[in-house]
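Undergrad: Pasting a structure below so you can have a look.
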Amino acid sequence: MIKGIFDMRFSVLASGSSGNAIFIENDEHKFLVDAGFSGKKLESLFARINRSMEDLDGIFVTHEHSDHIKGLGVVARKYGTPIYANEKTWKAMDGLVGKIPLDQRFQFDMETVKSFGSLDVESFSVSHDAADPMFYTFHQNGRKLAIITDTGYVSDRMKGIISGADTFVFESNHDVSMLQMGRYPWSVKRRILSDVGHVSNEDAAVAMSEVVFEKETKIYLSHLSKDNNMKDLARMSVTQTLETCGIIAGEYVHLFDTDADEPTELVTV
Amino acid sequence: MDWNKTKTIFIVVFSILNVFLYSLYIDRHQDAQKLQVMGETSIEESLRLDDISYGELPVFTDESYYVSAEIAEFPEEELDKFTGQKFTLVDEEHLISRLEAPYPLKNSKGEEQFTEFLATHVLNGKEYVLWGRDEDKRQAMFFQKVDDYPIFFNKNAMLIIHWDKDENIISYEQSMFGEFINFNKKKDLLLPIEAINALSSKDYLKKGSTVINISLGYSTHIQLTKTQVFAPTWHVRVKLEDEEIEDYFVNATDGKVIEFKDELEDPEIDENVEDLEIDDQGDF
């Protein structure tokens, strides 16, 4: 591995029910996964990590929900950024993101790999109530970053694709009892708890326990529900569930918070 | 075309339009303010219509947080400091103590001396606050406190003191949580009157009730594998028309009414612990 030259770095710019955007870069390229905030907000998030949206080489879209594409159209038009999504997601985004010039529209099929210099991006299917939701893993020089922030459950196939990553940006959406006791209508609760909704703190931890290898691993708990979760609770719950699965957080697995408004530090994967 | 005339007409028309829009804005602003005032009075009014009365309500200004803690074990070396008691542990987390020499419940002036007893005979005794006594069962129930706020009816944060018919304390049962950790996020609390309204609107309060006390504490909100998360909770004590006293609990962050049926029905710790005694000789 050529250390330093081709390091892959990333920052979860912000993540939560109100919006999601994750920045990834190496020395050749800069990408964004989802643009779930207004253009202005995205610009300010970029400024916080001393990066500029002008330098973006592309945005990978996971699915068409507004908390993932809110600023997509604006950014694409303002900066001429290439946008990558699968066919069904492109169709579902029609009318949601405004006009995106044809030469900026790229199709990224499910379960395929695209290479950008030394960086390989792999797409994989998830179980979520969108047209054709998919997430991504990023590979470079034997390092792997896996992103999965919206899925109702983590299938064996998903586990196979993300397993062994050095860094996970992993959904830890809700605490089940908070959701059940909370103010959401029953139909919404049922949707969140379903196989096409979101994973809870405990379910996330159980899934993570099956995909981390015995090596230094970072896990960023993401897409926390504003109403049905709290950072401290998510971390505590994941820590304790991992422990019941035989993994002690802090030994080789390290948990990190993400925030709905603040970027995480730009770090090497 | 006379552009000067056209310009003047435009200026006049837009000036009139601006005045009209501004007056609309002022009207809406005033309506919104009126609505807020009506909202505030409507709680008081609806309580009055329901014949619910209350005295001066506390002004709560402290910041409040969710807190979490793990159930604590009773360290042998700490219990060793308390002589004259036979300790038995159940699941390492519930302590039963039997006093070798009875301790008088009341002092020479006839006053109950729980405070002294807690300070001298109970591990972390100062962390407990009296909830109530049951003269028939000859026992008093105490709740562990977080700072100065009691944790209501949590079987892992209780102390129950028993006395005999001669009013001598003979035993107690204790459980406790370890270090309490504040969650980072500060929570906005319901006002006391909103807590009363939450009870009244859900028909918990009977007509003619008087709220005689309202105070803040904690109740279990979420139970994790090892940890419990506690939410700020209003305790509302109410006197009914027939002088009977009733206690209600309202989650101070979301207004949900909390009921503690299980704990209330059976606060006692199962004493069937013959096989679990940690030391046949009694003291550690």
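Undergrad: Give the lysines whose C-alpha is closer than 22 Å to that of B:K81, dropping any in the same chain fewer than 8 places away, or say none.
TA: B:K126
Undergrad: Taking each residue in B:211-224, count the Cβ atoms of any other chain within 10 Å of its Cβ, then average. What number comes out? Mind dumping the intermediate values first?
TA: Values: counts 0, 0, 0, 0, 0, 0, 0, 0, 0, 0, 5, 10, 1, 11.
Taking the mean over all residues of the peptide, I get 2.
Undergrad: Arrange the following residues from fewest to most other Cβ atoms within 10 Å of their Cβ: B:K7, B:K202. Before the final figure, lay out each step's value.
TA: Working: B:K7 10, B:K202 13.
Final ranking by Cβ density, sparse to dense: B:K7, B:K202.
Undergrad: Let me have the relative contact order for chain B, percent, based on Cα pairs under 8 Å that are six or more residues apart.
TA: Details: 466 pairs, mean separation 62.3, N = 284.
Reported as a whole number, the value is 22 percent.
Undergrad: Can you pull the three principal axis extents for the Cα set of chain A, in Å, largest first?
TA: 49, 48, 33
Undergrad: For chain B, with a Gaussian network of springs between Cα atoms less than 10 Å apart, report the residue from B:R133, B:R28, B:R237 with the top mean-square fluctuation.
TA: Comparing B:R133, B:R28, B:R237 in the GNM, the peak value goes to B:R28.
Undergrad: Looking at chain A, do any whole DSSP H helices span at least 18 angstrom along their long axis by alpha carbon and average -1.0 or above on Kyte-Doolittle, and which? Can you show the working numbers first?
TA: Working: long enough: A:231-244 (20 Å, -0.45).
Passing helices, by number: A:231-244.
Undergrad: Let me ask something else. What aspartates and glutamates does A:K78 reach when the alpha-carbon gap must be under 15 Å and sequence neighbours fewer than 8 apart in one chain are set aside?
TA: Of all the aspartates and glutamates, those that pass the test against A:K78 - Cα under 15 Å, at least 8 places apart if same chain - are A:E43, A:E54, A:D55, A:D57, A:D103.
Undergrad: Counting only other residues whose beta carbon sits under 12 Å from that of B:F177, what net charge do I get with K and R as +1, D and E as -1? Mind dumping the intermediate values first?
TA: Values: positive: B:K145, B:K155, B:K226; negative: B:E70, B:E73, B:E93, B:E127, B:E179.
Taking every Cβ under 12 Å from that of B:F177, the sum is -2.
Undergrad: How much net charge surrounds A:P185 when only the other residues with a Cβ under 13 Å from the Cβ of A:P185 are counted, with Lys and Arg +1 and Asp and Glu -1?
TA: Details: positive: A:R183, A:K189, A:R190, A:R191; negative: A:D227.
In short, +3.
Undergrad: Let me ask you something else. Given Cα positions, please report Rg to Rh for the protein assembly as shown, the hydrodynamic radius being the Kirkwood one. Could you put the intermediate results ahead of the total?
TA: Details: Rg = 30.6 Å, Rh = 28.0 Å.
Using only Cα positions, Rg/Rh for the protein assembly as shown is 1.09.
Undergrad: Which residues in the stretch A:196-216 place their backbone N less than 13 Å from a point set 7 Å from the Cα of A:S155 along the Cα-to-Cβ direction?
TA: Under 13 Å, as judged by backbone N against the label point of A:S155, lie A:196 of the stretch A:196-216.
Undergrad: Cα-Cα pairs above 23 Å in chain B: how many percent?
TA: Working: 26129 of 40186 pairs.
So the portion of pairs separated by more than 23 Å is 65 percent.
Undergrad: If I take R0 = 25 Å and measure r between the Cβ atoms of B:F20 and B:S46 in this structure, what FRET efficiency does the formula 1/(1 + (r/R0)^6) give, to the nearest 0.05?
TA: Details: r = 38 Å, r/R0 = 1.52.
Approximately 0.10, to the nearest 0.05.
Undergrad: Additional query: Distance cut-off 24 Å, Cα to Cα: go down the list A:K40/A:K99; B:K185/B:K206; A:K226/B:K256; B:K106/B:K165; A:K226/B:K187 and report the pairs above it. Provide the component values of the computation, followed by the final result.
TA: On the way: A:K40/A:K99 19 Å; B:K185/B:K206 36 Å; A:K226/B:K256 18 Å; B:K106/B:K165 13 Å; A:K226/B:K187 13 Å.
Checking Cα-Cα distances, B:K185/B:K206 exceed 24 Å.
Undergrad: So, R0 is 30 Å and r is the distance between the beta-carbons of B:E246 and A:R183; what FRET efficiency does that work out to, to 0.05?
TA: Details: r = 26 Å, r/R0 = 0.88.
That gives a FRET efficiency of 0.70.
Undergrad: Using Cα pairs closer than 8 Å and at least 6 residues apart in sequence, work out the relative contact order for chain A, in percent.
TA: On the way: 602 pairs, mean separation 53.2, N = 269.
Averaging sequence separation for qualifying contacts and normalising by length gives 20 percent for chain A.
Undergrad: Given the Cα atoms of the stretch B:63-203, and with Rh set as the inverse mean 1/r over their pairs in the Kirkwood sense, what is Rg to Rh to two decimals? The partial results should precede the final answer.
TA: On the way: Rg = 17.6 Å, Rh = 16.9 Å.
We get a ratio of 1.04 for the stretch B:63-203.
Every read-out reported here was derived from the displayed coordinates using simple, explicitly stated rules and does not represent laboratory data. Keep in mind it's a predicted model, so treat the numbers as computed, not measured. Quick reminder, even Gly has a Cβ in these numbers, built from the backbone with ideal geometry, and neighbours come from all protein chains shown.
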